[in-house]
1. Any idea which residue in region 304-323 is surrounded by the fewest Cβ atoms within 10 Å (Cβ to Cβ), counting only those that are assigned to a strand (DSSP E or B) and more than 12 Å from the ligand (Cβ to nearest atom)?
2. Has region 469-477 got at least one residue that is within 20 Å of Gly290 (Cβ to Cβ) and touching a His at 6+ places or on another chain (Cβ under 9 Å)?
3. Test each condition in (1) touching a His at 6+ places or on another chain (Cβ under 6 Å); (2) over 27 Å from Lys270 (Cα atoms); (3) crowded, with 22+ Cβ neighbours inside 10 Å for Arg96 and report the one that comes out false.
4. If Ile48 meets every condition in (1) part of a helix (DSSP H, G or I); (2) within 29 Å of Phe357 (Cα to Cα); (3) touching a residue at least 40 places away in the same chain (Cβ under 8 Å) apart from one, which number is that one?
5. Out of Gly21, Gly35, Gly40, report the one residue that is out of contact with any Phe, Trp or Tyr (no Cβ under 9 Å at 6 or more places or on another chain), surrounded by fewer than 22 Cβ atoms within 10 Å (Cβ to Cβ) and closer than 30 Å to Phe226 by Cα.
6. Filter region 258-285 for residues that are hydrophobic (A, V, I, L, M, F, W, C) and in contact with a Ser or Thr (Cβ under 7 Å, 6 or more places away or on another chain) and give the result.
7. Within region 332-354, which residues are outside any helix (DSSP H, G or I), within 12 Å of the ligand (Cβ to nearest atom) and either basic (Lys, Arg) or at pLDDT 90 or above (or both)?
8. So in region 466-516, with the set limited to residues that are among the aromatic types (Phe, Trp, Tyr) and within 16 Å of the ligand (Cβ to nearest atom), which one is surrounded by the most Cβ atoms within 10 Å (Cβ to Cβ)?
Amino acid sequence: MANESAGAAPTESQRYLSTRGGDYDLSFETVVLKGLAADGGLFLPHEIPIAADWQSWKDLSYKELAFEIFSLYISSSEIPSEDLKEIIDRSYSTFREEEVTPLVHLQDDNLYLLELFHGPSYSFKDCALQFLGNLFEYFLVRKNHGKEGKDRHHLTVVGATSGDTGSAAIYGLRGKKDVSVVILHPKGRISPIQEAQMTTCTDSNVHNLAVTGTFDDCQDIVKTLFGDADTNQTLKLGAVNSINASRVLAQIVFYWYSYFSLVRKSSSFKLGDKVRFVTPTGNFGNILAGYYATKMGLPADKLVVATNENDILHRFWTTGRYEKNGVQDAKSNGNVTADACKETYSPAMDILVSSNFERLMWFLAKEYAATLGMNDQFNKKQAGQEVLAWYKSLKTTGGFGPVHKDILENGRLTFESDRVSDVETLETIKSCYQKNKYVLDPHSAVGVTAAQRSLARTGPQTHHISLSTAHPAKFSDVVQSALKNEAGFNFEEQVLPDEFKALSQKETRVATVENSWEKVREIVKSYVEEDLKAESSA
Ligand SMILES: *Cc1c(COP(=O)(O)O)cnc(C)c1O
């Protein structure tokens, strides 16, 4: 607790619980540093705050708006307002656009694109990870005040990446005090630009490991390390994957900000009108932030979940069943078949299950319990038990559901979904370029495809904001193959930022390691030792 400030006592939306019922009444600092709850659940605020006077936010800058929103979820007794403002300022000053997340009008009809890729790694993940990196540092510096050597609290962030998360995490954590970051990527299997983004980061606390294996192998190694008693005894491991509660929080801001941008940009859209958001979705972290925003009071007609061919979420909204594999393999005698995640043109959305979906299920289970007329305490407990049972089933049988039809219907009041194939993704990159001379990355193209279908359902008068989650230069192969026959198209001149051109000239730092968690563990330990030495001599 901050000793320099005696802020007001935390509200219900500033205390946190676990989706599986094991933890209750935790501080924001605890849930940020822990990442995952001890019972395997994810952290949520006890309740989502209602923003009663949200209309007064309409002319705020991105940073001012972030301050208003974060203050509802973080008690000033934990982070004094002046400190929070300073953290926000540092987190969003690294963006290349003054507006942080500008809104562009894509077509004559009411389709707008929210560009979320103007941060240091050119992915929407920067919106959350720039903030998370500064939060980690803030909490650690405070914990370590007046401490030296072994007494200092040191956080080791270990993560696996197929590209986007790793580069955004590295840009969020480079040079941060009392933090080591080790990112595993599958050697030779990520895009050259993403590899260069990570390996050219030569800050001493950043360590890249190229694992001779697949992305799944990398993820398995990280999971094993988190479960390994020896590792946990010697290192304090932290996670930056999308389960961290602060990441969802940070993402709420751009839903609100784009709504106000739309009011400023469109003469036919007034404050209070409803908009549709379309979000290219993988782990459900981004669109979950949209859900929080609507619960706070943001006028949204629907949130459209856009998936690629890894469509567990689309299948859920269609059937009420949440299952790893859409079809069971007849040869497996009814057993769940080997997990199969498809490789698509939008790799950051290639998932088998969506980790943040658990948070939505908790809210839906709680709202269902509330219809039975019991008190809030009971409803929360009930929701925790329901989620625990669902996720036990997911683990043992590869799925759960169908969920109660009232739960599904309640969810459908907010959500719609759509599935977009690789072929359709390419087609949209092409048609969008032909119509608007705008180059979409494949993830954003999944969103725009779903947005166009949604427009066809609602009619062109409904305003749509489709989220653009990555810069097209990060996925040059797909973009170039979609646009290779377009007259006058030149990738180097029209798409590639100068900053990317310079990457190939820079010094790199990366170590290759065998696909073995024990080997990785020993390397991680030696890196952390080096980092601790460097810090104590600094
Ligand atoms: C991570 C990512 C997504 C998916 O976001 P979720 O929060 O996991 O749903 C989509 N597009 C890009 C480019 C990403 O990096």
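1. Applying the filter and picking the extreme gives Glu323.
2. Yes, because at least one residue in region 469-477 is within 20 Å of Gly290 (Cβ to Cβ) and touching a His at 6+ places or on another chain (Cβ under 9 Å).
3. It is condition (3) that Arg96 fails.
4. The one condition Ile48 does not meet is (1).
5. Matching residue, one of Gly21, Gly35, Gly40: Gly21.
6. Hits for region 258-285 are Val278, Phe284.
7. Those that are outside any helix (DSSP H, G or I), within 12 Å of the ligand (Cβ to nearest atom) and either basic (Lys, Arg) or at pLDDT 90 or above (or both): Thr344, Tyr345, Ser346, Asp350, Ser354.
8. Phe475
The values are calculated or read from the model by the stated rules, or taken from the named source; none is laboratory data. Small disclaimer: the values here were computed from a predicted structure and weren't measured. In this analysis, Cβ positions are derived from the backbone assuming ideal geometry, glycine residues included, and neighbour counts consider all displayed protein chains.
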